[in-house]
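All remarks here apply to the structure that follows.
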Amino acid sequence: MSDMGKVIRSGDRVALSHYSLDAEQWEAMLAAPGATLPLLSCWADEHRVYVLLLKGDCPLMASTAVEDRRYLAPSSRFPAAEWGERVAYDLWGVEAMGASGEGQPALDEGVWEATWPLSSRPGPGGQAARPVPGRTVLPAEKSGLTGPLELSFDVVRGRVQGVSVNAGLAHRGVLHRMIGLTPEEALPLVSRMTAGGFVAHPVAFCRAVAQARGLQPGPGVRDCWMILLEIERMSVHLFDMARTARAVDAGLLATHCEHAREAIAFACAEQGVSRRLTDLVRCDGFHAGLEIVPLAQAVVNAMQPRMAQLRELQSVFAPRLKGLAVLAPTQAREFAVGGLVGRASGRSLDVRRREAGMRLDALRSTGSSEGDGAARDALRLNEIRDSLALIQRILGSIGMDDDEPAPEATQEGIGAAEGARGDIWYWVRLRNGKIEAVQARDPAVSLLSVLPDILMGELPEGLPAALRSLALSPSGVAM
């Protein structure tokens, strides 16, 4: 066990993986010698600040009290915590002491009617933010992404330098709207958190709720969720490949990806479910009437004949993505960039490998350390191959019991799912059957921390292609 893990576990155990630390223990955690555990998420409200870390492939959570609206900044040890600290200040008015970064607003662009709107003592609204003169701006509508994210940067000798990211343009307050609802009432909000996670977000949320309630989904539910996740993974990978291909004038590859994705959607519709698998996941299982076996078989039959053509076209156009938007392996590890982007940069995290009942022999893709657009596209195709194999493995032993014990009911739980774009995490605390507190972590948040470095040195006209290759989802940042 690392020294940091020992410090955290010296606190009071609140739930299965959550420890409450006093001020001295919190400071000791941030100053602990030895390896720094990967940070998944950081957030705070008026009363407490939280960090969700990864110990091996298991979550480890620590929290401490906010005193006089201040707390010792996690970003002093975990650079990726800065975004959560900025969000907490904008919403609650709690200040991270000793924070890294420049402390710029994350969400409040100066046009809110009140500052710190969620706090018990909100302040008056600010002045509208003014653009910095001399900076080049890539507006949200030209970013190539399906969601508002704006870049400002300098151009030095024809290359991008000093990138600033404005990712709070579409803050929706979804998490706050979930407070006071039952998990079942909140599920439709979770199911629409991001367009690339109509399955993955609700699965992660439902796993957190089940842990809080001391329940363990049965093997039939578990396998159904796994199959739905793999169908979604293939669809989203095809979407991201097509969008990237369009950006580098690889229209033939894009068209084949779009046709393959449409074939999956058509197979879903033919089986009586929504084309993008919305509203199929329930807290206690899945939508009544869902016939998972014929759905899975229809999707496999639609995709398998297309794989050879897709692989041939991907290899033909791969040189156009070489060297595009490189994420260095050291950055992937330091900022806990997971999912396909992390795996293409040498970080092998895949939370599917920790799931009970997973048919691990089907997960062959390991990625590379190239970390560029070509590596990401090749890995997307390999993961589609693995998804097809995994679905068939599950169909061969669906509902296989693994005797996974139910957790202790503590009214607090952490759930995870490996979505198409990375690991999604939910933490939920219940009281009298309703949500008292909730936090979600989308893989887009970890990408946000490294995006300025990834884009440094790119051609300005190449930024949309770079962003599409990274498959950054703005809706997953400002929730």
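Brief remarks follow.
- Contact order, relative form, for segment 1-148: 15 percent (alpha carbon pairs under 8 Å, 6 or more residues apart, mean separation divided by residue count).
- Cut-off 9 Å between beta-carbons: net charge of the residues surrounding residue 219, Lys and Arg +1, Asp and Glu -1: -3
- The heavy atoms of residue 47 offer some 130 square angstrom of accessible surface to a 1.4 angstrom probe.
- Every Cα-Cα pair of segment 311-439 was included, and the share exceeding 27 Å stands at 36 percent.
- Gyration tensor (alpha-carbon) shape descriptor, segment 192-237, a/c threshold 1.5: oblate
- A probe of 1.4 angstrom, applied to the heavy atoms of all protein chains, finds residue 146 with accessible area near 100 square angstrom.
- Summarising the label geometry, the points placed 7 Å from Cα in the beta-carbon direction at residue 315 and residue 22 lie 6.4 nm from one another.
- Accessible carbon and sulfur surface of segment 57-195 relative to its total accessible area, %, 1.4 Å: 53 percent
- Fraction of beta bridges assigned by DSSP in segment 52-129 that are antiparallel (%, nearest 5): 70 percent
- The local environment of residue 244, defined by Cβ-Cβ distances under 10 Å, has a net charge of +4 under the rule Lys, Arg +1 and Asp, Glu -1.
- Its DSSP H runs of at least 4 residues, each contributing -39,500 (n - 2.57), put the calculated 222 nm mean residue ellipticity of the chain at -11500 deg cm²/dmol, to the nearest 500.
- Using a cutoff of 8 angstrom between alpha carbon atoms and counting only pairs six or more residues apart, the relative contact order for the chain works out to 19 percent.
- For segment 145-184, taking Cα atoms only, Rg and Dmax work out to 17.3, 55 Å respectively.
- Per residue solvent-accessible surface (Å²) - segment 41-154, probe of 1.4 Å: 49 Å²
- When nucleic acids and ligands are ignored and a 1.4 Å probe is applied, residue 284 ends up with an accessible area of around 130 Å².
- Applying 0.36 nm per residue to the separation of residue 182 and residue 274 and subtracting their alpha-carbon distance, the gain on full extension is 30.7 nm.
- Mean separation of Cα contacts under 8 Å, 6 or more apart, over the residue count of segment 304-371: relative contact order %: 31 percent
- Options 396, 182, 106, ranked by Cα towards positive dipole end of the chain, top entry (Cβ charges): 396
- Charge tally in the Cβ shell below 11 Å around residue 351, where Lys, Arg are +1 and Asp, Glu are -1, residue 351 excluded: -1
- All Cα-Cα distances of segment 232-362, cut into 5 Å bins from zero to the largest, leave 2, 9, 14, 16, 18, 19, 13, 7, 3, 0 percent in each bin in turn.
- In this simple spin-label model, placing a label point 7 Å from the Cα along the Cα-to-Cβ direction at both residue 142 and residue 68 gives a separation of 4.8 nm.
- Over the chain - Rg/Rh using Cα atoms and the Kirkwood inverse-distance radius: 0.95
- In segment 24-111, the GluC sites (Glu not before Pro) that fall in loop regions by DSSP, at most 12 other Cβ within 10 Å: 102
- For the chain, the membrane-span-like helices by this rule, meaning whole DSSP H stretches whose C-alpha atoms cover at least 18 Å of axis and whose Kyte-Doolittle mean is 0.0 or above, are 200-213, 219-247, 251-270, 373-396; this says nothing about an actual membrane.
- Among the trypsin sites (Lys or Arg not before Pro) within segment 91-183, those in coil by DSSP and having at most 16 neighbouring Cβ atoms inside 10 Å are 135, 157, 172.
- For segment 97-208, alpha-carbon Rg relative to the globular expectation (2.2 N^0.38 Å, N residues): 1.36
The values are calculated or read from the model by the stated rules, or taken from the named source; none is laboratory data. Owing to the predicted nature of the structure, the values given are computational and were not obtained by experimental measurement. All Cβ positions, glycine included, derive from the backbone under ideal geometry; neighbour counts span all protein chains shown. Note: accessible area is taken over every heavy atom of the protein model, side chains too, but ligands, DNA and RNA are not part of it. Shrake-Rupley method; radii C 1.70, N 1.55, O 1.52, S 1.80 Å.
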